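Note sheet for the following structure.
Nothing in this text is a laboratory measurement; each read-out follows from the coordinates by a stated rule. Everything numeric here is computed off the predicted structure, so don't read it as measured data. Neighbour counts are summed over all protein chains in view; Cβ atoms, including those assigned to glycine, are modelled from backbone coordinates with ideal geometry.
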Amino acid sequence: MTHLIDRRKFLHLAGIGGGVAFVSGLGFDVFAADGLTDGLDFYFVQLSDTHWGFKGEDKNPDAAGTLQKAVAAVNALDKQPDFVVFTGDLTHTTDDAQERRRRMAEFKAIVSELKVKQVKFIPGEHDASLDKGEAYQAFFGDLHYSFNHKGIHFIALDNVSDPAAQLGQAQLDWLKVDLQALAANTPIVVLTHRPLFDLYAKWDWTTRDGQQAIDLLMAFENVVVFYGHIHQEHHHVTGHIPHHAAKSLIFPLPAPGSVPKRVPIPWDSAKPYNGLGFRNIEAYPWKNYRIEEKAIIKGETL
Amino acid sequence: MNAYWKKCLLCLLLLTPLAATANAGPPVIVIKASKFLFQPSKIELKKGQTVILEFTSSDRMHGFSLPDFAVRADIEPGKPMRVSFTPDKAGSFAFRCDIFCGDGHEEMAGEIIVRDEG
């Protein structure tokens, strides 16, 4: 338990203690005591679905200010994360190619105010579906990629630049090659926008060929997926792979199938920013992740 | 490819040849897709009665997805797409566009109501 206490102390020092959700199915305490993670613990922040450029007074009257508040909230964390990742729908879609680029430029300028300078981006369909990711790549780089950080292999997958919401054979082939270099027990974190599994096909909350990616990942013991798209916290497991959806930073959506239509939950002036937020993901290489959902405004209840 | 999409593909493979001979048989229901609506968006059918759904697009690529019956189709402008469909259960079933088409894409949806008149 010494390690567990140490971690709590770490969380306290990091200013992220309290209200922590344990989401790993693998058992925090077991791995907290295994001694494998000394010196490697770190955390990163996931922000998602910021939809910069969205307008809709009844859904978010502060649409032009919420992203800046989220950036300020991340900057206010006592201990800064190793990096920040935006899991798609950075901008709200527009048919106007010039306006799309203008929104991307504004978004990029706002998030450049983050104290953390290592920032990763993933495209959402609002960013990349209408031009197959052309503008997105000009501003944010590759649509899919991988990188290593403190013993974890991170893989960013693009399931949106094809408007049919599929990864496509070329990307699946790339994934296969990327995974070939890894040992079966390498910790892998997949970052993507849409759910890779069929969460709720009636609302199109799927990736058409997502199961093929899951099949490739199943050969690895320690895989977790963090995604966005559905504008709410959601946890699901396929086989031994947990999938964790993040809240939005523009408006929340209802739980899958809970209402007849997939329409945004209206803004509640009695509870501003209710249902919006970001998350800290504390990573313990060798099998564990600890998620804490964070409100945009300090002191707001989640 | 997961079971759902395999089922969709099989459904399309089986049904596309039927569309060519549909004129002599089942009634044809024309569904027009455009940004960001289907017309009609509410379709009433009888359980067990085969119909041909004919999709057209007047502007850009759209998709038609009816997950409860594993029916889906790509709708390309200038290329009417026909799908034979026999509802085998009664109720109200949502369909939607599943090819991202723009700002109103999320609202581009409709409903098929199947009545059990047996």
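Summary table below
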{"quantity": "Spin-label zone in region B:61-91 - amide nitrogen under 17 Å from a point set 7 Å from the Cα of B:Q49 along the C-beta vector", "calculated": "B:84-91"}
{"quantity": "Derived scalar couplings ³J(HN,Hα) [region B:48-54; Karplus, 6.51 cos²θ - 1.76 cosθ + 1.60; whole Hz; x for Gly, Pro]", "calculated": "x, 8, 6, 10, 9, 8, 10"}
{"quantity": "Residues A:V224, A:V177, sorted so that the one with the fewest Cβ neighbours within 10 Å comes first", "calculated": "A:V177, A:V224"}
{"quantity": "Region A:2-294: relative contact order as a whole-number percent, Cα under 8 Å and 6+ apart", "calculated": "22"}
{"quantity": "Ranked B:R60, A:R102, B:R72, criterion: other C-beta atoms within 10 Å, fewest first", "calculated": "A:R102, B:R60, B:R72"}
{"quantity": "Inter-part distance where region A:187-206 and region A:39-74 are each reduced to a Cα centre, Å", "calculated": "20"}
{"quantity": "Virtual spin-label span in nm between A:I265 and A:E113, 7 Å along Cα→Cβ", "calculated": "2.7"}
{"quantity": "Antiparallel bridge percentage (DSSP; both residues within region A:153-277; nearest 5)", "calculated": "35"}
{"quantity": "Total formal charge among the other residues, if their Cβ is under 9 angstrom from that of B:G110, Lys/Arg +1 and Asp/Glu -1", "calculated": "+1"}
{"quantity": "Per-pair calculated FRET efficiency, R0 = 35 Å: A:A184 and B:I113 via Cβ, rounded to 0.05", "calculated": "0.10"}
{"quantity": "Residue-averaged beta-carbon neighbours from other chains (10 angstrom radius) around B:34-43", "calculated": "0"}
{"quantity": "Region A:123-255: relative contact order in percent, alpha carbon pairs under 8 Å with at least 6 residues between", "calculated": "19"}
{"quantity": "Cβ-based exposure ranking for A:Y227, A:Y273, in which fewest neighbours within 10 Å come first", "calculated": "A:Y273, A:Y227"}
{"quantity": "Long pairs among B:K46/B:K89; A:K79/A:K271; B:K35/B:K79; A:K79/A:K115, criterion Cα-Cα beyond 21 Å", "calculated": "A:K79/A:K271"}
{"quantity": "Distant-in-sequence amide H partners of A:H229 (H built 1.01 Å from N, under 5 Å)", "calculated": "A:D49"}
{"quantity": "Antiparallel content of DSSP bridges confined to region A:2-294, in %, to 5", "calculated": "55"}
{"quantity": "At R0 = 35 Å, FRET efficiency that the Cβ-Cβ distance of A:D78 and A:E221 yields, to 0.05", "calculated": "0.55"}
{"quantity": "Cβ-derived FRET efficiency at R0 45 Å, A:K150 paired with B:S41, nearest 0.05", "calculated": "0.30"}
